[in-house]
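Reviewing the structure listed below.
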Amino acid sequence: MKKYIAFLRAINVGGTKVIKMKNLRRMFESFGCANVQTYIQSGNVIFEAKESAGLEAKIEKQLEKALGYKVETFLRTMDEVAGIVSKPAFEPQGGETLHVVFLRNRQGVDKKSEQNLLSLKSEADEFVIKGGEVYNLRRNRDTSIFSNHFIEKVLKVEATTRNITTLRKIVEKFQND
């Protein structure tokens, strides 16, 4: 069995799409996932599964059936996330923050979309695209243009975002258990 992390978009944010984590764990178990755990209340589900082909779409479809609304799901293996945290595109300094945006298209985006995003580099924000992830180094929160919606609009692809600190804690806590 392989260990995965499902990053669910817009769960328990702003009082919408509220799901209790114990209920979310039960749902994943009912989908045939094993050793299901969650991390914080924002839709991070760690689990093991035998199959990988079509797993992301299958989970998304089953969540919609169980909840009555679509929950965009972005699946990565634990090894992929461990690689992201061990070699991030940036190392934040001082008051900077690093966000990792998981894209629906794991192969990345077309060159035009990539250039559109990279052209928006500023004193507040810097971007790097590596495959199916976008890295945003936010140097100044007050003047930053970064948001998940912004990335989706510029790149024309569904996405969900996590802070590098959250990803590091997930890997530290769940990689070897």
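For the range 133-157, the set of residues classified as free of Cβ contacts under 8 Å to residues at least 40 places away in the same chain and in contact with a His (Cβ under 7 Å, 6 or more places away or on another chain) consists of N136 only. When residues in the range 157-176 are screened for being closer than 13 Å to F102 by Cα, out of contact with any Asp or Glu (no Cβ under 8 Å at 6 or more places or on another chain) and not β-branched (V, I, T), 3 of them pass. Residues in the range 95-136 that are among the charged types (D, E, K, R) and farther than 19 Å from A10 by Cβ: E96, R106, D110, K111, K112, E114, K121, E123, D125, E126, K130. So for the range 89-109 (the condition being surrounded by fewer than 16 Cβ atoms within 10 Å (Cβ to Cβ), closer than 16 Å to A159 by Cβ and without any contact (Cβ under 8 Å) to a residue 40 or more places away in the chain), does at least one residue qualify? Looking through the range 89-109, at least one residue is surrounded by fewer than 16 Cβ atoms within 10 Å (Cβ to Cβ), closer than 16 Å to A159 by Cβ and without any contact (Cβ under 8 Å) to a residue 40 or more places away in the chain.
Between residues in the range 26-48 that are without any contact (Cβ under 8 Å) to a residue 12 or more places away in the chain and small (G, A, S) and residues that are in a strand (DSSP E or B) and surrounded by 21 or more Cβ atoms within 10 Å (Cβ to Cβ), which pairs lie under 9 Å by C-beta distance while being six or more apart or on different chains? That search, which allows pairs on different chains as well, returns nothing. Output yes when any residue across the range 107-124 is over 16 Å from T166 (Cβ atoms) and assigned to a strand (DSSP E or B), and no when none is. Scanning the range 107-124, I find no residue that is over 16 Å from T166 (Cβ atoms) and assigned to a strand (DSSP E or B), so the answer is no.
Please indicate, with yes or no, whether at least one residue in the range 11-27 is closer than 14 Å to L55 by Cβ and of a type in the set (A, V, I, L, M, F, W, C). No: the range 11-27 contains no residue that is closer than 14 Å to L55 by Cβ and of a type in the set (A, V, I, L, M, F, W, C).
Quick note: the coordinates plus some simple rules give every number you see, no bench work behind them. Worth saying up front: this structure is predicted, and the values here are computed from it rather than measured. Ideal geometry is used to build each Cβ from the backbone, glycine not excepted, and the neighbour counts take in all protein chains shown.
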